[in-house]
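Down below is the structure, laid out as C-alpha cells.
Read the figures in this text as sums done on the coordinates, not as results from a lab. Predicted, not measured: the structure shown is a model, and the values here were computed from it. Here the Cβ positions follow ideal geometry from the backbone for every residue, glycine too, while neighbour counts run over all protein chains shown.
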Ligand code: CMP
C-alpha cells in the first residue's frame, strides 16, 4: 500500500492544529502508521529540503523548520501521495482552495502549516529521513 510523509510545521504545532490536521486525513480514510515530534537539526532540514537548496528562500526555510518541534507522520492508503497533496492545498495559502488545510488555516507561504511529499519517490526518501522501519505500524483489520 502506498505511503506518504506529512509534517506539521512549527507554526502548526504552536497553533495546536495537530488534531485538526490528523482528523482530516483520518476522515478521508487514510491510516496513520507513524507519528512523532521531532526538532530538526540544520543538517536534517537541509537534507529534507535539498531540492530547494538554490532557491532564494532556502535559508529562511531551514531557519523556520528548525525553529521548533514539527510533528512528523507517515500516512498510508490508496493514492495517498496525490490525495494528501489535494487535502493540503496549494503551497501558497493565498491560492489554496477553501476546504484544504492551507486554504482554511494559513495565510503565508513560509508558514503554510504542513508539508506533504510531492511524489512516491520523495515520500520514500522523506520517510527514510525521519523514521526507522520498525517505527511504522501495521494495521491488522480492514477499514
Ligand atoms: P513545503 O511543501 O514544505 O515545501 C517547500 C517549502 O518552501 C514550501 O512548503 C513553503 O513553505 C516554502 N516556500 C516556498 N516559497 C517560499 C517563499 N517565497 N518564501 C519562503 N518560503 C517559501
Checklist line | Qualifying residue in the range 41-62 (condition: in contact with a strand residue (DSSP E or B) (Cβ under 9 Å, 6 or more places away or on another chain) and away from the ligand (no atom under 16 Å from the Cβ)) | finding: no
Next item on the list: Mind telling me which of the residues 114, 70, 74, 38 ends up being within 16 Å of residue 21 (Cα to Cα) and either away from the ligand (no atom under 11 Å from the Cβ) or loosely packed, with under 13 Cβ neighbours inside 10 Å (or both)?
Entry: 74
Next item on the list: Determine whether the range 4-25 contains at least one residue that is assigned to a loop (DSSP other than H, G, I, E, B), touching a residue at least 24 places away in the same chain (Cβ under 8 Å), within 13 Å of the ligand (Cβ to nearest atom) and under 13 Å from the mean Cα position of the chain (by Cα).
Entry: yes
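Consider the range 119-137. How many of its residues are in contact with a helix residue (DSSP H, G or I) (Cβ under 7 Å, 6 or more places away or on another chain) and either surrounded by 15 or more Cβ atoms within 10 Å (Cβ to Cβ) or in contact (Cβ under 8 Å) with a residue 40 or more places away in the chain (or both)? Before the answer, list the steps.
Going residue by residue through the range 119-137, those that are in contact with a helix residue (DSSP H, G or I) (Cβ under 7 Å, 6 or more places away or on another chain) are 119-120, 123, 126, 129.
Right, trim to either surrounded by 15 or more Cβ atoms within 10 Å (Cβ to Cβ) or in contact (Cβ under 8 Å) with a residue 40 or more places away in the chain (or both) and you get 120, 123, 126, 129.
Going through the range 119-137 one residue at a time, the tally reaches 4.
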Check: Considering the range 87-107 alone, what residues qualify as being surrounded by fewer than 13 Cβ atoms within 10 Å (Cβ to Cβ) and near the ligand (Cβ under 9 Å from one of its atoms)?
Finding: none
Next item on the list: Identify the single condition in (1) touching a helix residue (DSSP H, G or I) at 6+ places or on another chain (Cβ under 7 Å); (2) surrounded by 21 or more Cβ atoms within 10 Å (Cβ to Cβ); (3) part of a helix (DSSP H, G or I) that residue 61 does not satisfy, given that it satisfies every other one.
Entry: (2)
Next item on the list: Tell me, yes or no, whether the range 26-33 has at least one residue that is in contact (Cβ under 8 Å) with a residue 24 or more places away in the chain and within 10 Å of the ligand (Cβ to nearest atom).
Entry: no
